[in-house]
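First comes the structure, then the notes that go with it.
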Amino acid sequence: MGDGKRRACSQRSCPSGSCLNSCMPMDRFDGQSRLLLRALMSGFSGAKTALSVFHRQQRANQENSLVSFIQTLCRDEVASPEDGALTLTVKPLVCLLQPLFKQNLLTFLYLLHPAIPVPAVLLLLKCLGEDSTPTPWVTAMVRQLERKLEVNHTDPLYSEQCNQKLKTLSERLGGFCETGGWADCFISQTEESESHARPDLSQPGTQRKRRASLDHVEADSKEMVQESKRMKMDEDVEELVEVEDEKVRLDTGGGSETPANRIHDDLPEHIRGSVLLMQELLESQAEWDQSSADVFQVLNECNPNQVEMLCKMLNFPILPEDTLPKLCNGILCLSPDLSYSAAASLIRSVLLEKVSSLSEPPSRCLVTAVTSLCSRYPRPMCLAMIEPVLQDRNIGPPQTELLNRLIENCLDVHYRLLVLQMTFRIPWSEAVLSVIHSLLDHKLVLSEEVFTQLTEQLISQGSQFTKSVKFAKMMLTVLTKYSSHVTAAQKHSLAGCLSLNETFLKKSLQAALKRIPDT
């Protein structure tokens, strides 16, 4: 299995996303190095994203170093045979990765090389020298880094192929009669040589010959200029197509559209990079460490609109439930805590649709996510998830089971009272009655105003629950646990409501009401 992964990695057509998750031996890198690796594989802005990730890691741990990361990239790996060869070869891991990764890596190292030990950088450059088919860009960056490190001043920055093209272009441009551009480099030499061998131009025949020669050169020049423009246009179109194809291939991991493709232009660059890293983390099956959770620190730098945008880009509403515990752990590790608006946006995006659409008891992963976020962010949970679920006409037993669990284990008295007041603003149903009964069972401290609102709802909405056992049990709880709150006027109104009851609890309800003093 391991050899298969190594062979796959040597294919240059391997998309960044798929190579990163399925081909590269990720277990060879520690947690922080894996984050850098994902950043460098994240597309054309990979170097800048990696720089942001590295600076964030250094702020968390000032002793953080790139030496281990570079040494892992320089380890030997088995490469698949090339050009029909029958034998396997061994090359450094960095040589087996995509050209785009190498470009991002070299740009990243160029920006940071003063802070990296020179032997580590030289080791990597030596390993890149074993690449059998380096791109001109990689060749130029390797030599530029060598010059910065003062180890190679002789090799030109351009490749031999580029050198030949420049010579050919120079020779062709040297014959131009038009001044400007590269022709200026040769015009003085041309004029000097012509001054020695130039015949007397006063003779008509000589002038005609020169005019004809100039006309011929000018025609050739115009033709060459047009051909050059056509070639440049063709190259620009091809490059644009390649860039767009590469973007689609890198971002989609082979064609299927992912949320990271829809990164909004209004977001700052470092947030866009963090979105890509979050996407990779959420798709990864590996365990997260502290550096993985650090990616979510960007949420503290976002305003509410940016948080909502980020949630949409990562498609949180349809995130698989088995991913929720990892996501919530990342959110809970944030320091400081999220603002109310940011937490509400996250809870609404991550949980609301999943809870509202439940048709069976919630999974363990969903329960864990809801209870953990509710314990840390109770007020955003009440207003971003609990209230919309209560207002939903399709609320049923799966939802009430989850809400009752939150009432029992996560919400303190203040927030239980807040949820009770939410029920005064909505039509009641059997499911809502279950939640209200759960709340009242915890002996809430009700003010006179809140209890008056409760009795008004019992009287106004009670007529539709004459046969409901849940409603009868809830009424019995009110008449026993909250009897001291009942005024004489309320007692009289409740007696009329109880007279309509048709359940087996009717006599118990009337007896409980009779025990309440008229005063």
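Solvent-accessible surface of region 292-390, averaged per residue with a 1.4 angstrom probe and all protein chains in place: 38 square angstrom.
Which peptide among 119-130, 480-491 comes first, and what is the full order, when sorted by highest mean count of other Cβ atoms within 10 Å? Don't skip to the answer; put the middle values down first.
Numbers: 119-130: 17.1, 480-491: 14.5.
The packing order, highest mean first, is 119-130, 480-491.
Highest-first packing order for the peptide set 315-322, 402-409 is 402-409, 315-322, based on the mean count of other beta carbon atoms within 10 Å.
May I ask you to derive the FRET efficiency for residue 68 and residue 149 from their Cβ-Cβ distance with R0 = 25 Å, giving the value to the nearest 0.05? FRET efficiency, residue 68 to residue 149: 0.80.
Sorting the segments 439-449, 389-399 by their mean number of nearby beta carbons within 10 angstrom, highest to lowest, gives 389-399, 439-449. In the structure displayed, which of 91/148; 312/443; 443/514; 102/165; 354/506 lie more than 30 Å apart, Cα to Cα? Those over the limit are 312/443; 354/506.
The values are calculated or read from the model by the stated rules, or taken from the named source; none is laboratory data. Keep in mind that this is a model prediction, so the values were computed, not measured. We place every Cβ from the backbone using ideal geometry, glycine too, and count neighbours over all the protein chains shown. Accessible surface is based on the protein model in full, side chains and every heavy atom, while ligands, DNA and RNA are left aside. Shrake-Rupley method; radii C 1.70, N 1.55, O 1.52, S 1.80 Å.
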